[in-house]
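The values are calculated or read from the model by the stated rules, or taken from the named source; none is laboratory data. Since the model is a prediction, treat every value here as computed from it, not as a measurement. Note that each Cβ is placed from the backbone with ideal geometry, even for glycine, and that neighbours are counted across all protein chains shown. These area figures cover heavy atoms from the full protein model, side chains too; ligands, DNA and RNA do not enter into them. Shrake-Rupley method; radii C 1.70, N 1.55, O 1.52, S 1.80 Å.
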Amino acid sequence: MNKINTDPIFEKGHKAEGKYGKNFTGQVWLKTLVEQNGEWNCTIGNVTFEPGCRNNWHKHPGGQILLVTGGRGWFQEWSKEAREIYPGDVVKIPADTKHWHGAVKNCCLTHLYVTTNVNKGPTEWMEPVSEETYNKLK
Ligand code: MN
């Protein structure tokens with residue numbers, strides 16, 4: 001009988017702390033897979049949000065694509081309803097669009113990010129997602 005392999009495909013990396021950890025509520029793990037350089041004009045990494053963890057509202061000047069690989073989470077654009085995201089989902093976030101992403105309350109979320117057109121500037125971090133906004137999601 002085949003045994004299902006539940007090991008993560010990409011490295012989980014390290015717990016975010018310090019300056020970068022301030023952009024999150026809860027515990028997040030990060031592994032950069034493709035560094036910023038002039039060849040591809042994008043950065044790629046693996047992010048694992050522990051249950052209840054999410055990032056602050058933020059914008060990417062050159063856009064971002066999320067490829068969900070595990071667990072269950074939320075994605076929300078400013079002034080729109082949050083939507084639940086699952087493994088296999090591809091979330092295309094246009095440039096300069098205020099949004100957040102993170103895990104549901106009772107389950108981790110793992111996604112790859114591809115931050116595109118990074119020559120247009122760094123991610124702009126904003127306020128945390130309020131407890132009120134997060135807690136009403138179901
Ligand atoms: Mn983002």
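Numbers for the structure displayed
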item	result
Within a Gaussian network of the chain (alpha carbon springs, distance under 10 Å), most fluctuating of Asn119, Asn23, Asn55	Asn119
CD proxy at 222 nm, helix term only [per DSSP H run n ≥ 4: -39500 (n - 2.57); per residue of the chain; nearest 500]	-1000 deg cm²/dmol
Calculated on alpha-carbon atoms, Rg and Dmax of the range 46-122 in Å	11.8, 37
For Pro128, net neighbour charge (Lys/Arg +1, Asp/Glu -1) across residues whose Cβ lies under 10 Å away	0
Dipole in debye (nearest 20) - the chain, about Cα centre, beta carbon charges: Lys, Arg +1; Asp, Glu -1	220 debye
Per residue, in Å², the accessible surface of the chain once ligands and nucleic acids are set aside, probe 1.4 Å	60 Å²
Under the Debye formula (equal points on every Cα, no solvent term), log10 I(q)/I(0) of the chain at q = 0.09, 0.20 Å⁻¹	-0.25, -1.28
Carbon plus sulfur fraction of accessible area for the range 14-135, probe 1.4 Å, in percent	50 percent
Listed residues Gly18, Gly52, Gly70, most fluctuating in the chain (Gaussian network, C-alpha, under 10 Å)	Gly18
Fluctuation leader among Trp100, Trp57, Trp40 - the chain, Gaussian network, Cα springs under 10 angstrom	Trp40
Rel. contact order, % - alpha carbon contacts under 8 angstrom, at least six apart, the chain	28 percent
